[in-house]
Structure formats: structure tokens, C-alpha cells
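Below you'll find the structure, written out as C-alpha cells, and then a few comments.
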Amino acid sequence: MVSFDEVKKSVLKGQIEKAKDLSASLVQSGENPLNIIDDGLIAGMNEVGIKFKAGDMFVPEVIMSAKAMSAGVDAVKPFIEGDEIKAPGVVVVGTVKGDLHDIGKNLVCMILESAGFKVIDIGVDNSAEQFIEAVKEHHPQIVGMSALLTTTMPFMRETIDAFVEEGIRDTIKIIVGGAPVSRQFAEEIGADGYGEDAISARDLCVNLVS
């Protein structure tokens, strides 16, 4: 009999096919799909977060673990009733105007999805208007903005100012991140939080919606 601990370890080791097969095996043996996700897959990803923060895991390994978890979730999803999964919230994520870098953003999206969030990835090079359009369409609780260039950081402030002018700033929480971004900068531009890395961004989002 496959155990939740085996599923957890497969996520921790970034074993995509194994995580998928173990999860499928558990659900076929009659195990509750939500328990497989919570006690196996998410538990494994939580362990990844702890190791990453401690410096015992690195970004490529975290990406593999996130993919392993996603594969496991995909294996059990067909067995879950439509309204059983309750996402903690909706997050719109995008890179700001003039910035085409997306590796960090993509990792944040994967980690947020592994925590159960519904993630709307609007891609790179987004103007303030595009962020506003995404908010009006998807009604997220959180907007995450990413920048990897110091020259594109001012567009974070510009976007927040545009939310204020549009009268919708108070309806959402805004978080920012990226290599040149700091906690001090986040405070200066009026953001609600700063994610130093993908795991920190996940923890921040969990705190903001709880």
C-alpha cells in the first residue's frame, strides 16, 4: 500500500512520474483525493519551502518539485467533485512594462498553484492598463508584479498609482518582487508586501488572504 509519506518524498525529490503514479495508485485504492493533495503533495511542497529557505534546495530543484506536485494533482483531479477544491484566493501575476524576464515570475506562479491558489498569469511587459483590465476581468484578491531590471521598477509605482486613480486600489492587495526590488522600495511605492523569493511570495499571499 502506497503511503502519503512516499508521495511527499517524491515531491521533495522532484520525481515527476513517480509523484503522478503514486498519487494515481492511492486514489485507485480508494483514498480520498483531497487527502492525497493535502497530506502528500502539499505536505511535500511545504517541506520544499522549508529546505529552500534554509539554503538546502535551489531554484532548479524547487521547479522540479513544483512540477512533481502538479503532476500528482493532475492525476487525482478527475476524481474530485467540482466544488470540493476551495482555492484560498485568486492571484493575478505579471511582469511590468518594459520587462521581458519571466523565469522568476513563472516559478512564483507554480509555487502559488502548488499552494492551491488560482493563478492568472498575464505574462511579461504589462502596462498599468493591462493589470487593471486583468483585475476587472478576474476579480483577484492579490496582484503580483515582477521586475528584474532597475529601469522597469518605476512602472510598479505607476501601476499602483493607476489603481488608485481607477478607484480600485482598496479592492486588492498588491505584492512586488524581483532581483532589484527590496522591502523598502515596496513600502515606498505603497505595495502591501514584498516577496524575496517564490516561497516567500507564497507565504505572503497565504497571510494576505487568511
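The values are calculated or read from the model by the stated rules, or taken from the named source; none is laboratory data. What you see is a predicted model; the values in this text were computed from it and never measured. Here the Cβ is made from the backbone with ideal geometry for all residues, glycine too, and neighbour counts use every protein chain on show. Areas reflect the complete protein model, heavy atoms only, side chains present, ligands, DNA and RNA absent. Shrake-Rupley method; radii C 1.70, N 1.55, O 1.52, S 1.80 Å.
If the condition is being assigned to a loop (DSSP other than H, G, I, E, B), open to solvent by 10 Å² or more (accessible area, probe 1.4 Å) and within 19 Å of Asp197 (Cα to Cα), then the range 123-166 contributes Gly123, Val124, Leu148, Leu149, Thr150, Met153. In this entry, Ile175 passes the filter for residues that are open to solvent by less than 80 Å² (accessible area, probe 1.4 Å) and at pLDDT 95 or above.
Within the range 8-24, the presence of a residue that is surrounded by fewer than 17 Cβ atoms within 10 Å (Cβ to Cβ) and of a type in the set (A, V, I, L, M, F, W, C) is excluded. The helices (runs of 4 or more DSSP H) found wholly in the range 14-98 and carrying at least 1 residues that are of a type in the set (S, T, N, Q) and over 15 Å from the mean Cα position of the chain (by Cα) occupy 16-28. Number of residues in the range 178-209 that are open to solvent by 20 Å² or more (accessible area, probe 1.4 Å), farther than 28 Å from Phe58 by Cα and outside any helix (DSSP H, G or I): the value is 1. All conditions in (1) buried (at least 16 other Cβ atoms within 10 Å of the Cβ); (2) over 23 Å from Val143 (Cβ atoms); (3) in contact (Cβ under 8 Å) with a residue 60 or more places away in the chain hold for Leu112, with the sole exception of (2). With respect to Phe4, determine if the residue is at pLDDT 90 or above, more than 24 Å from Leu107 (Cα to Cα), open to solvent by 30 Å² or more (accessible area, probe 1.4 Å) and touching a helix residue (DSSP H, G or I) at 6+ places or on another chain (Cβ under 7 Å). Judged against the criteria, Phe4 is a match. In contact with a Leu (Cβ under 6 Å, 6 or more places away or on another chain), crowded, with 20+ Cβ neighbours inside 10 Å and in contact (Cβ under 8 Å) with a residue 24 or more places away in the chain - does that describe any residue in the range 52-68? Scanning the range 52-68 turns up no residue that is in contact with a Leu (Cβ under 6 Å, 6 or more places away or on another chain), crowded, with 20+ Cβ neighbours inside 10 Å and in contact (Cβ under 8 Å) with a residue 24 or more places away in the chain. Can you list residue pairs whose Cβ atoms sit under 7 Å apart, with the first residue in the range 1-25 being among the aliphatic types (A, V, I, L, M) and the second being open to solvent by less than 90 Å² (accessible area, probe 1.4 Å) and in a loop (DSSP other than H, G, I, E, B)? Count only pairs 6 or more apart in sequence or on different chains. Cβ pairs passing all conditions: Met1/Ser29; Leu22/Val2.
Residues that are farther than 26 Å from Ser10 by Cα, of a type in the set (Gly, Ala, Ser) and over 13 Å from the mean Cα position of the chain (by Cα) occur in the range 131-140; there is at least one. Within the range 80-109, the residues that satisfy the criterion of being buried (at least 16 other Cβ atoms within 10 Å of the Cβ), without any contact (Cβ under 8 Å) to a residue 60 or more places away in the chain and of a type in the set (A, V, I, L, M, F, W, C) are Ile80, Val90, Val92, Val93, Cys109.
As an exercise: evaluate Phe117 against (1) in contact (Cβ under 8 Å) with a residue 12 or more places away in the chain; (2) surrounded by fewer than 19 Cβ atoms within 10 Å (Cβ to Cβ) and give the number of the one condition it does not meet. Going through (1) in contact (Cβ under 8 Å) with a residue 12 or more places away in the chain; (2) surrounded by fewer than 19 Cβ atoms within 10 Å (Cβ to Cβ) one by one, Phe117 breaks only (2).
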